[in-house]
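What follows is calculated from the coordinates using simple rules that are stated; it is not laboratory data. Bear in mind the structure is a predicted one, so any value in this text is a computation, not a measurement. Note that we place each Cβ from the backbone using ideal geometry, even for glycine, and neighbour counts take in every protein chain shown.
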Amino acid sequence: MADIGTERRGRAQAVAMRLWNSRWLLAAGLVAVLMVYGFAGMSGYVVLLAGAVLVAAAMLPAGIARQSTENAAAIESSVQQLSGEYLAAAVADPLIIFDRSAAIVHANAAAFAAFGGIAPGMSLSLKFRAPEMQGLLDSILAGNVASDSVDYIEKLPVERAYRVSASSVGHATDLYVLVFKDQSEARRIDRMRADFIANASHELRTPLASIAGFIETLRGPARNDPAAREQFLQIMQNQTSRMARLIDDLLSLSRLEMKPYLKPGTEVDLRQAIDSVIDSLGPLAKENGVVIERDFAEGPLDVPGDRDELFQVFENLLENACKYGQSGGRVVVSIIRSDSDPEPGIDVTIRDFGPGIPEEHIPRITERFYRIDVENSRTQKGTGLGLSIVKHILTRHNARLSIRSEVGKGAAFTVHLPAR
């Protein structure tokens, strides 16, 4: 009982101490309530209620407010302890911090990887000598703008295009930061788009100009010449067919690019599909004096895929072999199981024995409109898009194309298809 009495007295003393410590706050609050009561005519009950709230607030443990203040101070202290190095390391883009003399203070790992040979104390003016970078540094150091940005191209070790922005760090710190945003991929895509439009326009303009010229001739000097008229009409028909093939290939390529990651869900019997391709190209092979030989593995040769698209792949490859390898007199189509590969599957190889492909052309041969021999390609009614279509279809099928060739000994195109 004595312990209980002592505990109650201790609590009462603590409450009294809190009230005494908050006496000025209570007095100010009560005066404010009384003034509102006097001028606004509030009810006396409201005054009593407000007084009770003030007393309750004064009796709250002082540690709550103090703890909140201490937590805020701890957070602020932690933020202040974060150095510029840690913050720079968290940025994925190359970032360089420099001072008023344009000397490097710190660079993150991405900056070292991109530019190499940079170190604290090095002058940015000596490292980046391009006029646009000099202008950016002069502008930010002169304090003319809070931030600015320019386009900069780094030539070595490989050419990369950056959008570089500069800004000051905080206020009155005499530190500044450069951030390099890599624009190389976006520019490459823009360049590909521009090249594609230019090439497509050129490929269509040539037959259109030819047709327009023949129409003008037929209306003029050849108006009454039946032999010339028949010859010109045949050429116009050939040019029209060429434009139709080009447009069909462009549409096929566009459809494939709209669904590059849509994986086929059916299975294809390669033996049957390639037999159909060989049969359909029989007249072309005979016309070019080429014999198509088969060398197929025994047993089932099924792979996951879209039959129409794989038919288009092998039709393109076999047609090219018959056209451009006709001097060899034969084309061999082989199918084998590649169990030794990291990913077991089936390899289909179409090999000709013609003039072959020079080594420097092989890396680019699947690009759109890329031709080894422009005149020969047009003579063979090629559009320059066949192998690009092949590459896109194989990407959809999680497959790949490899090319082996030796000048004077022919070329071999191998399609690696994954097993089911």
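Each principal axis of the Cα cloud of region 267-418 was evaluated for its coordinate range; sorted largest first, these ranges are 40, 30, 26 Å. The share of C-alpha pairs in region 207-326 whose separation exceeds 16 Å stands at 73 percent. If R0 is taken as 35 Å, the Cβ-Cβ distance between Ala109 and Arg191 corresponds to a FRET efficiency of 0.75. Provide, in order from the shortest bin, the percent of all Cα-Cα pairs of region 84-182 in each 10 Å bin, continuing until the bin that contains the maximum pair distance. For region 84-182, the pair-distance distribution reads 16, 55, 27, 1.
Find how much the distance from Ser184 to Ser280 grows on full extension, using 0.36 nm per residue of separation minus their present alpha carbon separation; answer in nm with one decimal. List each step's numbers first, then the result.
On the way: separation 96, 0.36 × 96 = 34.56 nm, distance 4.40 nm.
Going from the current span to full extension adds 30.2 nm.
The length gained on full extension between Glu293 and Lys127, counted as 0.36 nm times the residue separation minus their Cα-Cα distance, comes to 53.6 nm. Rg ratio for region 99-143: its Cα radius of gyration over 2.2 N^0.38 Å, N being its residue count, equals 1.14.
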